[in-house]
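All remarks here apply to the structure that follows.
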Amino acid sequence: MYAEESGIPLRTIIAFGDNENDISLFEKAGFSVCLANGIPSARKSADAVTEYSCVEGGFGKYLMKHFLIPYGWMKEDV
């Protein structure tokens, strides 16, 4: 709803999740990432799976490794 109201195309959104209720979000987003501790059906539905679980900071570590550092938005030594 937020994307629609804000005029953000769903194909430009990255969805993160780990459970059954996230699968429909994965199907609508442009790219989907399941956390390492996600249930098997969520892992299978996602475009990628993190190396770390939710409690290990999987979301943040994935963003740093695949977006923030490569695009120069964050230094690697931080």
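The values are calculated or read from the model by the stated rules, or taken from the named source; none is laboratory data. No experiment lies behind these values; they were computed from the predicted model shown. Please note: Cβ atoms are built from the backbone with ideal geometry, for glycine as well, and neighbour counts cover all protein chains shown.
Figures for the structure shown
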| quantity | calculated |
| --- | --- |
| Filtered residues of segment 6-35 (kept if β-branched (Val, Ile, Thr) and over 11 Å from the mean Cα position of the chain (by Cα)) | Ile8, Thr12, Ile23 |
| Looking only at segment 46-78, and only at residues there that are among the aromatic types (Phe, Trp, Tyr) and in contact (Cβ under 8 Å) with a residue 12 or more places away in the chain, the one that is surrounded by the most Cβ atoms within 10 Å (Cβ to Cβ) | Tyr62 |
| Residue match in segment 29-40 (condition: loosely packed, with under 13 Cβ neighbours inside 10 Å and in contact (Cβ under 8 Å) with a residue 12 or more places away in the chain) | yes |
| Filter result (surrounded by 11 or more Cβ atoms within 10 Å (Cβ to Cβ) and in contact with a strand residue (DSSP E or B) (Cβ under 9 Å, 6 or more places away or on another chain)) within segment 1-18 | Ile13, Ile14, Ala15, Phe16, Gly17, Asp18 |
| Subset of segment 27-50 [more than 16 Å from Ile14 (Cβ to Cβ) and either part of a loop (DSSP other than H, G, I, E, B) or touching a helix residue (DSSP H, G or I) at 6+ places or on another chain (Cβ under 6 Å) (or both)] | Ala36, Asn37, Ile39 |
| Residue selected from segment 36-78 under the condition charged (D, E, K, R) and more than 15 Å from the chain's Cα centre (by Cα), by the criterion modelled with the lowest pLDDT | Asp77 |
| Cβ pairs under 7 Å, 6+ apart, first in segment 1-21 and within 23 Å of Val49 (Cα to Cα) and without any contact (Cβ under 8 Å) to a residue 40 or more places away in the chain, second assigned to a helix (DSSP H, G or I) and small (Gly, Ala, Ser) | Leu10/Ala3; Ile13/Ala3; Gly17/Ala42; Asp18/Ala42; Asn19/Ala42; Glu20/Ser41; Glu20/Ala42 |
| Evaluation of Ser24 against (1) in a strand (DSSP E or B); (2) surrounded by fewer than 16 Cβ atoms within 10 Å (Cβ to Cβ) (one fails), failing number | (1) |
